[in-house]
Amino acid sequence: TFVVNLGGELRLPGQWSIRGGIVWDQAPEPSEYRTLVGGQTIDVWKLCIGGGKKRDKGSFDFGYTLTWGEEEEGYIDGARYKVLLNEFYVGYVWRL
């Protein structure tokens with residue numbers, strides 16, 4: 001299985017930052033053995049964007065990931081798999 005990532009972060013004035021990246025994530029099994037059971041069934045691309053703001057003792061972060069994969073044939077006759085997933089993230093980290 002291969003996962004290839006490329007991303008970056010740009011620091012802006014006022015302790016803000018923006019982030020972005022792209023990921024190619026290979027499914028963990030050959031296509032002839034793929035099922036809908038056990039997690040990721042096909043190779044997917046992920047496009048990630050986000051940002052954050054540093055505070056005195058913490059940081060606020062947010063992000064969005066779009067995951068998609070082309071339709072593929074499964075090992076069961078007539079089974080076809082496709083992925084389209086939207087994920088949103090919000091978090092706050094406080095340091096002692």
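The values are calculated or read from the model by the stated rules, or taken from the named source; none is laboratory data. Please read all numbers here as calculations on a predicted model, not as lab measurements. In this analysis, Cβ positions are derived from the backbone assuming ideal geometry, glycine residues included, and neighbour counts consider all displayed protein chains. The accessibility values were calculated without ligands, DNA or RNA, using every heavy atom of the protein model including side chains. Shrake-Rupley method; radii C 1.70, N 1.55, O 1.52, S 1.80 Å.
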Single unsatisfied condition, Tyr64 versus (1) touching a Pro at 6+ places or on another chain (Cβ under 6 Å); (2) at pLDDT 90 or above: (1)
Residues satisfying the stated conditions in the range 43-91, i.e. in a strand (DSSP E or B), closer than 18 Å to Arg11 by Cα and open to solvent by 70 Å² or more (accessible area, probe 1.4 Å): Ile49, Lys54, Phe60, Phe62
Residues satisfying the stated conditions in the range 1-29, i.e. of a type in the set (Val, Ile, Thr), touching a strand residue (DSSP E or B) at 6+ places or on another chain (Cβ under 7 Å) and either in a helix (DSSP H, G or I) or loosely packed, with under 12 Cβ neighbours inside 10 Å (or both): Val3, Val4
